[in-house]
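The values are calculated or read from the model by the stated rules, or taken from the named source; none is laboratory data. Source: prediction; values computed, not measured. Because the Cβ atoms are built from the backbone with ideal geometry, glycine has one as well, and the counts that use them run over all protein chains shown. Calculation scope for accessible area: heavy atoms of the full protein, side chains included, ligands and nucleic acids excluded. Shrake-Rupley method; radii C 1.70, N 1.55, O 1.52, S 1.80 Å.
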Amino acid sequence: MSQNLRDADRRSIVVDYHLSAPPPKVWRALTEPKLLASWLMPNDIKPKVGHQFTFKTAPAPGFDGIVHCKIIEVQPVSRLVYSWRGGPIDTMVVWTLEPTTSGGTHLKLEQSGFGPEHGMTYDILSRGWREKAAGSLERILNLP
(Lines give C-alpha, C1' and ligand atoms only; values in the text may rest on other atoms or scores of the structure.)
Protein backbone atom coordinates (compact mmCIF):
# COMPACT_ATOMS: atom_id res chain seq x y z
CA MET A 1 0.00 0.00 0.00
CA SER A 2 1.41 3.40 -0.92
CA GLN A 3 1.89 6.20 1.61
CA ASN A 4 -0.79 8.25 -0.18
CA LEU A 5 -3.38 5.51 0.27
CA ARG A 6 -2.54 5.21 3.94
CA ASP A 7 -2.81 8.99 4.40
CA ALA A 8 -6.15 8.98 2.57
CA ASP A 9 -7.45 6.41 5.05
CA ARG A 10 -6.65 8.69 7.98
CA ARG A 11 -9.46 10.64 9.61
CA SER A 12 -9.59 13.74 11.78
CA ILE A 13 -11.94 15.01 14.43
CA VAL A 14 -12.66 18.70 13.83
CA VAL A 15 -14.71 20.69 16.34
CA ASP A 16 -15.46 24.43 16.35
CA TYR A 17 -16.23 26.01 19.71
CA HIS A 18 -17.80 29.47 19.83
CA LEU A 19 -16.88 30.80 23.25
CA SER A 20 -17.85 34.06 24.94
CA ALA A 21 -14.50 34.33 26.76
CA PRO A 22 -11.63 36.30 25.17
CA PRO A 23 -8.63 34.41 23.67
CA PRO A 24 -6.24 35.02 26.64
CA LYS A 25 -8.72 33.36 29.02
CA VAL A 26 -9.27 30.44 26.62
CA TRP A 27 -5.49 30.08 26.22
CA ARG A 28 -5.12 29.75 29.99
CA ALA A 29 -7.79 26.99 29.98
CA LEU A 30 -5.70 25.10 27.39
CA THR A 31 -2.25 25.61 28.93
CA GLU A 32 -2.53 25.87 32.72
CA PRO A 33 -2.57 22.39 34.28
CA LYS A 34 -5.16 23.10 36.97
CA LEU A 35 -7.57 24.84 34.59
CA LEU A 36 -7.08 22.21 31.87
CA ALA A 37 -7.70 19.45 34.42
CA SER A 38 -10.95 21.10 35.49
CA TRP A 39 -12.54 20.54 32.08
CA LEU A 40 -10.47 17.77 30.46
CA MET A 41 -8.13 15.52 32.48
CA PRO A 42 -5.40 15.78 35.13
CA ASN A 43 -2.15 16.70 33.39
CA ASP A 44 1.28 18.30 33.71
CA ILE A 45 1.25 20.48 30.59
CA LYS A 46 3.65 23.38 30.04
CA PRO A 47 3.28 25.38 26.81
CA LYS A 48 6.94 24.97 25.87
CA VAL A 49 8.08 23.26 22.65
CA GLY A 50 9.56 19.85 23.44
CA HIS A 51 7.82 19.51 26.83
CA GLN A 52 6.51 15.99 27.37
CA PHE A 53 3.42 15.62 29.52
CA THR A 54 0.58 13.23 30.26
CA PHE A 55 -3.16 13.27 30.66
CA LYS A 56 -4.57 10.70 33.09
CA THR A 57 -8.02 9.16 33.08
CA ALA A 58 -9.74 5.88 33.94
CA PRO A 59 -8.23 2.84 32.23
CA ALA A 60 -10.30 0.94 29.69
CA PRO A 61 -9.71 -2.30 27.75
CA GLY A 62 -6.58 -1.77 25.63
CA PHE A 63 -5.84 1.60 27.30
CA ASP A 64 -3.96 2.13 30.57
CA GLY A 65 -5.57 5.53 31.17
CA ILE A 66 -2.44 7.54 30.31
CA VAL A 67 -2.19 9.77 27.24
CA HIS A 68 1.43 10.63 26.40
CA CYS A 69 1.87 14.03 24.77
CA LYS A 70 4.66 16.27 23.52
CA ILE A 71 4.38 19.96 22.69
CA ILE A 72 5.20 20.48 19.00
CA GLU A 73 4.28 24.15 18.45
CA VAL A 74 3.34 27.12 20.62
CA GLN A 75 2.10 30.46 19.32
CA PRO A 76 0.84 32.10 22.53
CA VAL A 77 -2.85 32.91 22.56
CA SER A 78 -3.32 31.69 18.97
CA ARG A 79 -2.08 28.11 18.34
CA LEU A 80 -1.06 25.05 20.36
CA VAL A 81 -0.01 21.72 18.82
CA TYR A 82 0.88 18.50 20.62
CA SER A 83 1.13 14.80 19.94
CA TRP A 84 -1.45 12.54 21.64
CA ARG A 85 -0.50 8.87 22.12
CA GLY A 86 -2.55 6.49 24.21
CA GLY A 87 -3.98 3.02 23.82
CA PRO A 88 -4.13 2.19 20.12
CA ILE A 89 -3.70 5.74 18.77
CA ASP A 90 -0.85 8.06 17.88
CA THR A 91 -2.44 11.36 16.82
CA MET A 92 -1.84 15.09 16.71
CA VAL A 93 -3.97 17.73 18.46
CA VAL A 94 -4.10 21.29 17.09
CA TRP A 95 -5.89 24.10 18.92
CA THR A 96 -6.39 27.36 17.01
CA LEU A 97 -7.79 30.47 18.71
CA GLU A 98 -9.20 33.46 16.83
CA PRO A 99 -10.80 36.51 18.45
CA THR A 100 -14.37 37.27 17.45
CA THR A 101 -15.88 40.69 16.85
CA SER A 102 -17.98 40.24 20.00
CA GLY A 103 -14.87 39.83 22.19
CA GLY A 104 -15.14 36.07 22.42
CA THR A 105 -13.11 33.29 20.84
CA HIS A 106 -13.56 30.96 17.93
CA LEU A 107 -11.64 27.89 19.13
CA LYS A 108 -10.96 25.12 16.63
CA LEU A 109 -9.80 21.66 17.63
CA GLU A 110 -8.39 19.20 15.13
CA GLN A 111 -7.22 15.79 16.27
CA SER A 112 -5.74 13.99 13.27
CA GLY A 113 -4.14 10.67 12.44
CA PHE A 114 -6.91 8.16 13.10
CA GLY A 115 -6.72 5.05 10.93
CA PRO A 116 -9.60 2.81 9.89
CA GLU A 117 -8.62 0.43 12.69
CA HIS A 118 -9.38 3.14 15.30
CA GLY A 119 -13.15 3.25 14.73
CA MET A 120 -14.31 2.84 18.33
CA THR A 121 -11.59 5.13 19.75
CA TYR A 122 -12.39 7.74 17.08
CA ASP A 123 -16.11 7.61 17.96
CA ILE A 124 -15.48 7.89 21.72
CA LEU A 125 -13.09 10.83 21.36
CA SER A 126 -15.27 12.56 18.77
CA ARG A 127 -18.28 12.38 21.06
CA GLY A 128 -16.21 13.51 24.05
CA TRP A 129 -14.77 16.55 22.26
CA ARG A 130 -18.20 17.55 20.92
CA GLU A 131 -20.34 16.92 23.99
CA LYS A 132 -18.44 16.66 27.25
CA ALA A 133 -15.53 19.00 26.50
CA ALA A 134 -17.69 21.72 24.95
CA GLY A 135 -19.96 22.06 27.97
CA SER A 136 -17.18 21.67 30.53
CA LEU A 137 -14.95 24.23 28.81
CA GLU A 138 -17.72 26.84 28.54
CA ARG A 139 -18.62 26.31 32.21
CA ILE A 140 -14.99 26.82 33.35
CA LEU A 141 -14.57 29.93 31.19
CA ASN A 142 -17.68 31.51 32.73
CA LEU A 143 -16.29 31.27 36.25
CA PRO A 144 -14.90 34.50 37.69
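For Lys108 and Arg139, a Förster radius of 22 Å and the Cβ-Cβ distance give a FRET efficiency of 0.65, rounded to the nearest 0.05.
Per residue, the solvent-accessible area of the chain (1.4 Å probe, heavy atoms of protein chains only, all protein chains present) comes to 55 Å². Element breakdown for the chain at a 1.4 angstrom probe: carbon and sulfur atoms account for 56% of the accessible area.
Using C-alpha pairs below 8 Å separated by at least 6 residues, the relative contact order for segment 3-119 is 29 percent.
Computed extension gain for Thr100 through Ile72, at 0.36 nm per residue and net of the alpha carbon distance, reaches 7.5 nm. I'm spelling it out carefully: the read-out is Rg and Dmax of the Cα atoms in Å, the candidates are [x] 15.3, 53; [y] 15.3, 45; [z] 14.2, 43, and one was derived from this structure. Which label? Computing Rg and Dmax of the Cα atoms in Å and matching it to [x] 15.3, 53; [y] 15.3, 45; [z] 14.2, 43 gives [x].
With helices as the sole contributors, the chain gives -7500 deg cm²/dmol at 222 nm; each DSSP H run of n ≥ 4 counts as -39500 (n - 2.57), and the sum is divided by every residue.
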